[in-house]
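A short write-up of the structure that comes next.
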Amino acid sequence: MSSTATTKTVPGTDRPLSPGTGKPSKMSLLWANIKRHKLSYLFLAPFLLLFTFFTIIPIFTSIGLSFSYYNMIESPRFIGLSNYRLLFVDDDIFLKAIGITFNFAMITGPVGYIMAFMLAWLISQVPVKYRFFYTLCFYTPSITSATAMSVVWLYLFAGDRKGLINYWALKLGIIQEPYLFLQNVNSIVPVIIIVSLWMSMGIGFLAFLAGLQNVSKELYEAGAIDGIKFKLQELWYITIPSVKPQLLFGAVLQVVFSLQVFDVSVQLVGIPSPLYAGHTILTHLFDYAFIKFEMGYASAIAVVLFLIMLGLNRLIFKWLGRD
């Protein structure tokens, strides 16, 4: 006697179900999905290729180089975890840069995020014909280069009598001699924070504004029937829940912006800054990558920064991404 075994397959394909479970394997489901939506994946292919070559591959290359000694002249030489040991045990400047970056991020992150949302909300309340003007005024600093903006801020915070703030402070009798804003270690970070907040109305601000303008007016009418009378009540009970995707998007961008502060610091206080008072993680990375040409060590710094951003973004997704 002979028996014939029948192999069950994933519906719509010739791929077999996972043995012993009676359920399709993840790989089988993936290929079935690709086959079913092949036209969509074809349109996605150009972006996926560019994303792979210019984002995914560089990330893994940087991770690989972080375990090597590479000076751009010699071939990379594997040294294991030496770069990370040096980074966290012997590099006091890097540990100081982490503290400065987190202090900066803890202020500019929440303050810039709330400020961007509130300004977007206020602009959404004005008549449509005036919104473009206000949007342009707040968004322009974020698209202006830090080099151009530093010319204005260097004039404001100059440490001599010609500096605008020192000039008026001396004239009003507030101080007796010019204050060195960009040379005093106690004022360097506050100055960088002020300039960064002024330049923080970026893509997140536009996302908030777009989301606020798309909130259905029927929700506000229903809220008025249910007893909502004030604008702040509308904001809390209707507007914020309705723009949750934009809030998530803006939070991610704000984290990235806060941890990647570099141009403003370098243009205002130079590299290295006085006593490394304005030295951030990205400044430290730039120093080792493009001044000292220690690419392996710079890659280790980049990996640490990447992991910090990844961890913070996961926390944001867990908090704002939940239903």
The ratio Rg/Rh over the Cα atoms of region 209-323, Rh being the Kirkwood inverse mean 1/r radius, stands at 1.21
Honestly region 236-280 on the Cα gyration tensor test (a ≥ b ≥ c root eigenvalues; a/c under 1.5 rounded, otherwise a/b vs b/c for prolate or oblate) is just prolate
Tell me what the chain gives for mean residue ellipticity at 222 nm when only DSSP H runs of n ≥ 4 count, each as -39,500 (n - 2.57), the sum divided by the residue total, rounded to 500 deg cm²/dmol. -19000 deg cm²/dmol
Ranking by accessible area, most exposed first, for ASP287, ASP90, ASP226 with a 1.4 Å probe: ASP226, ASP90, ASP287
0 to 90° range, to nearest 10: angle between helix 38-51 axis and the chain longest Cα axis: 40
Does region 182-233 come out rounded, prolate or oblate, given a ≥ b ≥ c as the square roots of the eigenvalues of its C-alpha gyration tensor, rounded meaning a/c under 1.5 and, failing that, prolate meaning a/b above b/c? oblate
Taking the Cα centre of the chain as the origin, how large is its charge dipole in debye, to the nearest 20, when only Lys and Arg (+1) and Asp and Glu (-1) carry charge on their Cβ atoms? 1060
Quick check of the Kirkwood formula: for the chain, what is the inverse mean of 1/r over all pairs of different Cα atoms, in Å? 24.2
Pick from SER66, SER299, SER150: which residue has the top mean-square fluctuation in a GNM of the chain where Cα pairs under 10 Å get a spring? SER150
Within the set of other residues whose C-beta is less than 13 Å from the C-beta of PHE67, count the net charge using Lys and Arg as +1 and Asp and Glu as -1. +2
For region 85-191, what is the relative contact order in percent, using Cα pairs closer than 8 Å and at least 6 residues apart in sequence? 14
Residues of region 92-245: accessible area per residue at 1.4 Å, in Å²? 59
Using a Gaussian network model on the chain with a 10 Å cutoff between Cα atoms, which of SER273, SER28, SER187 fluctuates the most? SER28
Using only the heavy atoms of the protein chains and a 1.4 Å probe, how would ARG85, ARG131 rank by accessible area, largest first? ARG85, ARG131
Listed residue (LEU87, PHE257, SER150) projecting farthest to the positive dipole end of the chain, Cβ model: PHE257
If one takes the longest principal axis of the Cα atoms in the chain, at what angle in degrees, from 0 to 90 and to the nearest 10, does the Cα axis of helix 244-259 lie? 60
Mind checking the angle between helix 203-213 and the chain's longest principal axis? C-alpha axes, 0 to 90 degrees, to the nearest 10. 70
If each K or R counts +1 and each D or E counts -1, the residues other than ALA169 whose Cβ falls under 13 Å of its Cβ total +1
Would you calculate the convex hull of the Cα atoms in region 147-236 and tell me its volume per residue in Å³? 161
Give the shape of region 43-114 as rounded, prolate or oblate, defined through the alpha-carbon gyration tensor: a ≥ b ≥ c are the square roots of its eigenvalues, a/c under 1.5 means rounded, and otherwise the shape is prolate if a/b is larger than b/c and oblate if not. oblate
Where the accessible area of region 38-132 is counted over protein heavy atoms with a 1.4 Å probe, how much of it, in %, is carbon and sulfur? 77
Can you give the accessible area of PHE257, probe radius 1.4 Å, in Å² rounded to 10? 80
Any idea of LEU119's accessible area? Nearest 10 Å², probe 1.4 Å. 40
At a probe radius of 1.4 Å, what is the per-residue accessible area of LEU219, in Å² to the nearest 10? 80
FRET efficiency for LEU219 and LEU95, using Cβ-Cβ distance with R0 set to 56 Å, rounded to 0.05: 0.70
Taking GLU234, GLU74 and ranking on accessible area (1.4 Å, protein atoms only), highest first, one gets GLU74, GLU234
Run the simple label-point estimate for LEU197 and SER145 please: 7 Å along Cα→C-beta, distance reported in nm. 2.8
Net charge (Lys, Arg +1; Asp, Glu -1) of residues whose beta-carbon lies under 12 Å from that of TYR84, TYR84 excluded, is -1
Tell me, how many Å apart are the Cα centres for region 60-96 and for region 113-177? 40
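The values are calculated or read from the model by the stated rules, or taken from the named source; none is laboratory data. All of these numbers come straight from a predicted model, not from anything done at the bench. Heads up, the Cβs are rebuilt from the backbone with ideal geometry, glycines too, and the neighbour counts pull from every protein chain shown. Please note that ligands, DNA and RNA were not included when accessible areas were found on the heavy atoms of the full protein model with its side chains. Shrake-Rupley method; radii C 1.70, N 1.55, O 1.52, S 1.80 Å.
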